[in-house]
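Here, each number is a calculation from the coordinates, and none is a lab measurement. Keep in mind the model is a prediction, meaning the values are calculated, not measured. Heads up, the Cβs are rebuilt from the backbone with ideal geometry, glycines too, and the neighbour counts pull from every protein chain shown.
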């Protein structure tokens, strides 16, 4: 959720921190702040609002110092305001701390500290932690690194933290548990810390991803040292970032979301690159090759995800059951661990997450692992937590996705699930040779067909203008298109704040049909396929009640065209690949409606890109 950036070196830290916070704005936040060390003076400036508000608050002169840290806060404990914003200062005034995550036992710790004479200004769990570290440092007579370690021994919950001590101005201390933290090592001995690699990539490609329970001390003289909370020395593993700076820029588009929608022909192709070989007639997924027999022999597959990733998992359910004939259950990761699920050693679990840091999905993975299940991960961010804790899996290779509302991540996830289903189906013989070759040839053509859909944007923009003031919307689909209906509705809710719901088209008459009147836009995915005639009947039911039909149809369709108020044509394709095409118009409709309503498309209110709290 929250964004962390810190710097220690010989450069002016303030511009590095502010630019880093801008890079992290996509994560979602409601306040921001910076702490700077200058000649033994610890200066903290923070305020509610955007990074631009922080810059205005600080003023044109900026802040001085070559060590500092910045933070963007997504409110958990206490409302968004200046006082609850990070960084937080200790009782002594010597320490400053920024934090991502939740300290679950903060109330008990706070009560004990209050008995010891500490007073608190904010509502946050973070202020409790910095007071605890300060208390230990003073009572035990230890340095800041040891005080952090001792404090974390008594902490329950998730954290990624950075701590500064004005008495030790040449040090930064960072630690993590169940919340991501990456350290960048510069060419001239300077160090960077961030919640993900986006603020670091323009400064260095050499990074260390901290593991759970590890504490890093960055020293101007002695460099980087890592140990764990048990005080065991750890050897940091330095790796090279694969991210490129240009991927973090808008590239001439008005918003990152629009850029990422238009990147989908490339991102889908990149998800298939090196995995789909039409000439040889094979699908090879290197990340799961050593474990593919587990997938082939699976008696049941459990797919775990949240939000858009859960919708991708629903598409995966259709794919695996049709192509590989394996029963599939798709679970909300946030519910999975709390309902005492039945999981065994014969089960295969596929965990899906764009960021690879989703806290609910991480917790579900840990539960499934404890039951002996085989875990595969599908995520976009190299080096992320899910990529490290799963035994095998596949990166989607969609490239950085900055817009909070996922677009190219969804189609990349569906692409990887499609490749997995095709591979298993071929190995099991549930797809014969001619079917397999027909499917992979069609899949290979999908990026070009997505490009054709994107050419419909002017027409889609026209439709968006008609319905931009709607108060509600309904999305309908059957079979492979039902998850797309859910995803289309989610996109509209996320960025335009219009209430929208997705349903299987047949379920409309079991309740939602009561909502339909002449003011209700109904988006229907009505492509040619197994359920086409049934969807046509559902459209007739809506029209009989004066609902407005916006239909996504196969090119050349005349039946639905004669019934709908608006149609958006997409190229003909096989049923399993319809979601990769039909979702694109729905993404564009949501985007243009949101823009017309004056919404912050890339940073919708209350949402965060990387959901690192449960």
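General remarks:
- Cβ-derived FRET efficiency at R0 22 Å, residue 600 paired with residue 499, nearest 0.05: 0.75
- Taking label positions 7 Å along the Cα-Cβ direction at both residue 342 and residue 607, the computed distance is 3.7 nm, reported to one decimal.
- Distance from the Cα centroid of the range 1-47 to that of the range 258-275 is 33 Å (rounded to whole angstrom).
- Extension reserve of the residue 239-residue 254 stretch, reckoned as 0.36 nm per residue once the Cα distance is removed: 2.1 nm
- The range 50-175, relative contact order in percent, only Cα pairs under 8 angstrom and at least six apart counted: 27 percent
- Rounded Å value of the spacing that divides the Cα centres of the range 159-207 and the range 449-471: 43 Å
- Against the chain, whose longest principal axis comes from its Cα atoms, helix 308-319 is set at around 40 degrees.
- The mean sequence separation of alpha-carbon pairs under 8 Å and at least six residues apart, normalised by the residue count of the range 343-477, gives a relative contact order of 16 percent.
- Angle between the chain longest axis and helix 408-428 axis [Cα atoms, degrees, rounded to 10]: 60 degrees
- The alpha carbons of the range 297-430 stretch over 39, 32, 22 Å along the principal axes, in descending order.
- On the basis of the beta-carbon distance and an R0 of 41 Å, residue 300 and residue 77 show a calculated FRET efficiency of 0.55.
- With neighbour counts taken as other beta-carbon atoms within 10 Å, the residues 109, 133 rank, fewest first, as 109, 133.
- The mean sequence separation of alpha-carbon pairs under 8 Å and at least six residues apart, normalised by the residue count of the chain, gives a relative contact order of 12 percent.
- Likely footprinting exposure, 192, 237, fewest C-beta neighbours within 10 Å first: 237, 192
- Sorting 98, 136, 16 by the number of Cβ atoms found within 10 Å of their own Cβ, with the fewest placed first, yields 136, 16, 98.
- Linear extension gain, residue 12 paired with residue 53, 0.36 nm per residue minus alpha-carbon span: 12.7 nm
- Between 0 and 90°, nearest 10: helix 457-467 axis offset from the chain longest Cα axis: 80 degrees
- Gyration tensor verdict on the range 3-247 (Cα atoms; rounded if a/c is under 1.5, prolate if a/b is larger than b/c, oblate otherwise): rounded
- Extension gain, residue 469-residue 366: 0.36 nm per intervening residue step, less the Cα-Cα distance, totals 32.7 nm.
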